[in-house]
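The values are calculated or read from the model by the stated rules, or taken from the named source; none is laboratory data. Just so you know, these numbers come straight off a predicted model, no measurement behind them. As a convention, Cβ positions derive from the backbone with ideal geometry for all residues, glycine included, and neighbour counts pool all protein chains shown.
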Amino acid sequence: MIKITYGLSIALLSTSVVVVQSQRAVASIPDPVREIAEKVTVRIDGAGKGTGIIIDRAGNTYTVLTCWHVVGKPNTHTLNQGTYMLRTGDGKTYTVEGSAVTKVADIDLAELKFTSNENYTPVEIGNSSKLIAGSTVYAFGWAAPDEVSKEWQYRPVETTATVVAKPVDEYALVLNNPIKPGMSGGPILDEQGRLIGVNGEARTDVRTDTEDFLGIPIDTYNKVASRQNSNQKPAPEVSGSTATTKDAEEFFREGNDKFDKSDYQGAIALYNQAIRLNPNDAKSYYKRGRARYDLGDYQGAIADFTQVIKINPNYADAYYSRGSARYQLGDKQGATDDYNQAIQINPTLP
């Protein structure tokens, strides 16, 4: 479900409302970004209808981020009555009771938790503050039935984004392409497949009679979620839980313990926490990349090793490991270039 505002008032779009989708080609969306989106995008049905994003894992418990208006009544803390059904990218469905849904502060975001023995990799959290006007981004979600399609359809949209410097509210991310009803709560990814925003609202500028399609920057979520957790009573520490008071180094060390025991999914969950607390933690990105590599997620590993190199261009092991991942994907030239760069930095590498 997508939310739309006329002037200063907000009204929810129902499935009977049609928004004409831009014809901007989706073929130009990079394959690695498409693959990440397909794995982390969740369809929400039942008491709420819309889209969500797998953003965290603690053991077998996953956290899905979506818009509050998908699961509850706008401008209130009242949930829709009933249960919610989550459909993950592999086609499996999970039932979520209202007790597992939490409103994020007083903004239009919510978290849902579900339990699964499947191995789902949460999306990597990006940095929306680094977006510049006109940055290319990719929005994904489940579009509701309309006059064109009688069924819910998974939609990828290539667009550009701008972050408003002094927004009226949390909707500070402006997209220049239409986002269909039903895609609210879906991910907005950057060119590396990192989450930089959440789809959600359209507003009509009465002066020009044109619509702005808006999202919530992920930095806004990080700030308010962190503040909300800090105002709650500390929960007993559980490895990988977001409710702990551990610092990034503690999560990194615990991740290494899991890694050394070949519990790569557990390690990734802990490295995710370390990165969330310290987005410039090159060593956590590197070890998460190693864990993804050992799980056969070579695209995810390449994304992590690339981030390491952005943070520290002289990280020889990151070049070497990225070369190995590229070799596994058949990119022999890319692998050779990375190996050469690694050896140039550190001639003692094998």
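Here Asp304 meets each of (1) of a type in the set (D, E, K, R); (2) under 22 Å from the mean Cα position of the chain (by Cα); (3) over 23 Å from Tyr264 (Cβ atoms) with one exception, condition (3). Among the conditions (1) in contact (Cβ under 8 Å) with a residue 24 or more places away in the chain; (2) within 16 Å of the chain's Cα centre (by Cα); (3) part of a helix (DSSP H, G or I), Leu270 misses just one, which is (2).
Listed here are the residues, each with its yes/no results for (1) surrounded by 23 or more Cβ atoms within 10 Å (Cβ to Cβ); (2) at pLDDT below 90.
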{"site": "Ala25", "(1), (2)": "no, yes"}
{"site": "Val40", "(1), (2)": "yes, no"}
{"site": "Asp45", "(1), (2)": "no, no"}
{"site": "Cys67", "(1), (2)": "yes, no"}
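Which residues, counting only those in region 191-218, are assigned to a loop (DSSP other than H, G, I, E, B) and free of Cβ contacts under 8 Å to residues at least 40 places away in the same chain? So that I can check it myself, show each step before the final result.
We begin by selecting, within region 191-218, every residue assigned to a loop (DSSP other than H, G, I, E, B); these are 191-194, 206-209.
Within region 191-218, Arg207, Thr208, Asp209 qualify.
Identify all residues within region 310-323 that are surrounded by fewer than 20 Cβ atoms within 10 Å (Cβ to Cβ) and assigned to a helix (DSSP H, G or I); write none if there are none. Spell out the reasoning first.
Start the filter on region 310-323 by keeping residues that are surrounded by fewer than 20 Cβ atoms within 10 Å (Cβ to Cβ), which leaves 310-314, 316-317.
The answer is Lys310, Ile311, Ala316, Asp317.
Taken together, the criteria exclude Ala133 from residues that are over 17 Å from the mean Cα position of the chain (by Cα), of a type in the set (Gly, Ala, Ser), farther than 22 Å from Tyr62 by Cβ and buried (at least 22 other Cβ atoms within 10 Å of the Cβ). Scoring His69 on the criteria (1) closer than 16 Å to Asn199 by Cα; (2) without any contact (Cβ under 8 Å) to a residue 12 or more places away in the chain; (3) not hydrophobic (A, V, I, L, M, F, W, C) leaves a single failure, condition (2). Say whether the condition of being over 19 Å from Trp68 (Cβ atoms) and in contact (Cβ under 8 Å) with a residue 60 or more places away in the chain is met by at least one residue in region 103-118. No, the conditions are met nowhere in region 103-118. Asp146 fulfils the conditions (1) farther than 28 Å from Asn272 by Cβ; (2) among the acidic types (Asp, Glu); (3) in contact with a strand residue (DSSP E or B) (Cβ under 8 Å, 6 or more places away or on another chain) except for a single criterion, (3).
Is it fair to say Ala316 is assigned by TED's automatic domain parsing to the domain that holds Tyr286 and in contact with a Gly (Cβ under 7 Å, 6 or more places away or on another chain)? The answer is no for Ala316.
Quick check on this structure: which one of Thr348, Thr306 is polar (S, T, N, Q), assigned to a loop (DSSP other than H, G, I, E, B) and surrounded by fewer than 22 Cβ atoms within 10 Å (Cβ to Cβ)? If you could, list the steps in order and put the result at the bottom.
Values: Thr306 fails: assigned to a loop (DSSP other than H, G, I, E, B).
Thr348 is the lone residue from the list that is polar (S, T, N, Q), assigned to a loop (DSSP other than H, G, I, E, B) and surrounded by fewer than 22 Cβ atoms within 10 Å (Cβ to Cβ).
Select the strands (runs of 3 or more DSSP E) contained entirely in region 141-190, then report the ones holding at least 2 residues which are touching a residue at least 60 places away in the same chain (Cβ under 8 Å). Reasoning before the result, please.
Numbers: elements: 153-163, 173-175, 187-189.
Qualifying strands (runs of 3 or more DSSP E): 153-163, 187-189.
For region 146-155, a residue qualifies if it is surrounded by 15 or more Cβ atoms within 10 Å (Cβ to Cβ) and either over 24 Å from Gln192 (Cβ atoms) or out of contact with any Gly (no Cβ under 9 Å at 6 or more places or on another chain) (or both), and the qualifying residues are Asp146, Trp152, Gln153. Of Val104, Val164, Val168, all but one fail to be assigned by TED's automatic domain parsing to the domain that holds Ile54, surrounded by fewer than 22 Cβ atoms within 10 Å (Cβ to Cβ) and among the hydrophobic types (A, V, I, L, M, F, W, C); the exception is Val104. Here Ala225 meets the list (1) modelled with pLDDT of 80 or more; (2) aliphatic (A, V, I, L, M); (3) crowded, with 17+ Cβ neighbours inside 10 Å almost entirely, failing just condition (1).
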